[in-house]
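Just so it is clear, none of the values below were taken in a lab; they were calculated from the coordinates. For clarity, every value in this text was computed on a predicted model and none was experimentally measured.
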Amino acid sequence: MGLRAGVMRRYPNDMATREETSNAFDRARARRAFWDAQYYELLARYPDQFVAVRDGEVIAHRCCLRDLALELDERGLDPRETWIEFMRATDRSVML
């Protein structure tokens, strides 16, 4: 279940309960812990690609975020319930 399902309310003026907020933070911590633990392994396997993870498993990876989103849609997967990160293997400099 994504963050949205735990915190977003039907009416904009509704406040999330303490339990809903706590659950959302727990999910965010779990997500961060997963990426902290798996980042370098996934970077080695999927350099310069977007990686989609669900339930701790890689379910898709693509170089283009749009292509990844289309694949998730074709498979009937909700991107709001999927963790997506870009595995940056190359440095990119921006000159301002």
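As a test of the formula, what do you get for the chain when each DSSP H run with n ≥ 4 contributes -39,500 (n - 2.57) and the sum is divided by the residue count, at 222 nm and rounded to the nearest 500 deg cm²/dmol? It would help to have the intermediate numbers written out before the result.
On the way: 3 runs with 43 residues, N = 96.
That calculation yields -14500 deg cm²/dmol at 222 nm.
If I histogram all Cα-Cα distances within the chain using bins 5 Å wide from 0, what percent of pairs lands in each bin?
Answer for the chain: a P(r) of 2, 12, 19, 18, 17, 14, 10, 5, 3, 0 percent.
Rounded to the nearest 10 degrees, what's the angle between the helix 18-45 long axis and the longest principal axis of the chain, both from Cα atoms, 0 to 90?
For helix 18-45, the angle is close to 10 degrees.
Between ILE84 and ARG45, what length comes free when the chain is fully extended (0.36 nm per residue of separation minus the Cα-Cα distance, one decimal in nm)? Can you show the working numbers first?
Details: separation 39, 0.36 × 39 = 14.04 nm, distance 1.50 nm.
Stretched out fully, the ILE84 to ARG45 stretch lengthens by 12.5 nm.
I'd like the orientation of helix 65-74 relative to the chain: the angle between its Cα long axis and the longest Cα principal axis, in ° from 0 to 90, rounded to 10.
60
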